Amino acid sequence: MTAACPRVAVGAIAFDDHGRVLLVRRGAPPGEGLWSVPGGKVRPGESLVDAVAREVREETGLEVAVRDLACVVERVSRDAAGDIAYHYVILDYRVEVTGGRIAAGSDAADVRWVAPDDLDALPVTEGLAAVVDNARQTR
């Protein structure tokens with residue numbers, strides 16, 4: 001096991017004026033090559049809200065106002081030997097874009113606005129469609 005306990009991570013769910021959701025194509029493990037909401041690990045001493053804003057800025061170039069908690073997701077992956085490779089508890093927040101210019105950065109290979117109905121055509125992280133659908137219906 002790579003960690004003694006689960007790691008806390010955050011994600012950001014943003015919709016534009018056309019109802020499209022902001023997604024990044026992950027450029028590093030876990031989930032390398034898959035599309036997901038922007039997000040990542042919370043640094044020691046960092047607040048959840050600050051972590052959300054930092055991750056969005058690093059991965060997309062956009063500034064956001066963090067609104068409310070949309071959902072909590074747990075991801076556990078095992079390696080070939082059956083040991084835990086990673087265990088994340090991810091808190092996904094609704095955010096509103098307030099500025100910046102969209103551009104892939106940090107560990108994002110690409111970034112774009114995607115219509116929720118188009119998610120099926122993309123390789124996405126497990127459970128992404130349900131997370132987006134829930135956030136869209138409750139915003």
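Coordinate-derived values only; no laboratory data. Because the structure is predicted, anything quoted here is derived from the model rather than measured. So basically every Cβ, Gly included, is an ideal-geometry build from the backbone, and we count neighbours across all protein chains shown.
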(Q) Just to confirm my numbers, what's the Cα centroid distance between segment 82-128 and segment 1-56 in Å? (A) 7 Å
Q: Compare Ala14, Ala109, Ala85 in a GNM of the chain, Cα atoms joined below 10 Å, and give the one with the largest fluctuation.
A: Ala85
Q: Give, in nm to one decimal, the length gained when the segment between Thr138 and Asp107 is fully stretched (0.36 nm per residue of separation minus the Cα-Cα distance).
A: 8.2 nm
Q | Among (i) 10.3; (ii) 8.3; (iii) 29.2, the entry derived from the coordinates for mean projected area of the Cα convex hull in nm² | A | (ii)
Q: For an R0 of 25 angstrom, estimate the FRET efficiency from the Cβ-Cβ distance between Ala129 and Arg43 and round to the nearest 0.05.
A: 0.30
(Q) Please list, in order along segment 21-34, the HN-Hα scalar couplings obtained from phi with the Karplus expression 6.51 cos²θ - 1.76 cosθ + 1.60 (θ = phi - 60°), rounded to whole Hz, x for Gly and Pro. (A) 9, 7, 10, 10, 8, 5, x, 8, x, x, x, 3, x, 8
**Q.** Which of Cys71, Cys5 has the fewest Cβ neighbours within 10 Å, and the rest in rising order
**A.** Cys5, Cys71
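Within 10 Å of each candidate Cβ there may be at most 11 other Cβ atoms; applying that plus a DSSP loop requirement, which trypsin sites (Lys or Arg not before Pro) in segment 72-105 survive? Walk me through the numbers on the way to the answer.
On the way: sites: Arg75, Arg78, Arg94, Arg101; in loops: Arg101.
Answer by residue number: Arg101.
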Q) Got a sec? How would Thr98, Thr125 order by Cβ neighbour count within 10 Å, fewest to most? A) Thr98, Thr125
Q) Which angle from 0 to 90°, rounded to the nearest 10, does the C-alpha axis of helix 48-60 make with the longest principal axis of the chain? A) 70 degrees
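To one decimal place, what orientation-averaged projected area in nm² is obtained for the convex hull of the Cα set of segment 24-77?
Average of the hull's projected areas for segment 24-77 equals 4.3 nm².
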Q: Quick one: which residues, 5+ away or cross-chain, put their amide H under 5 Å from the amide H of Ala14? H built at 1.01 Å from N.
A: Leu22, Val95
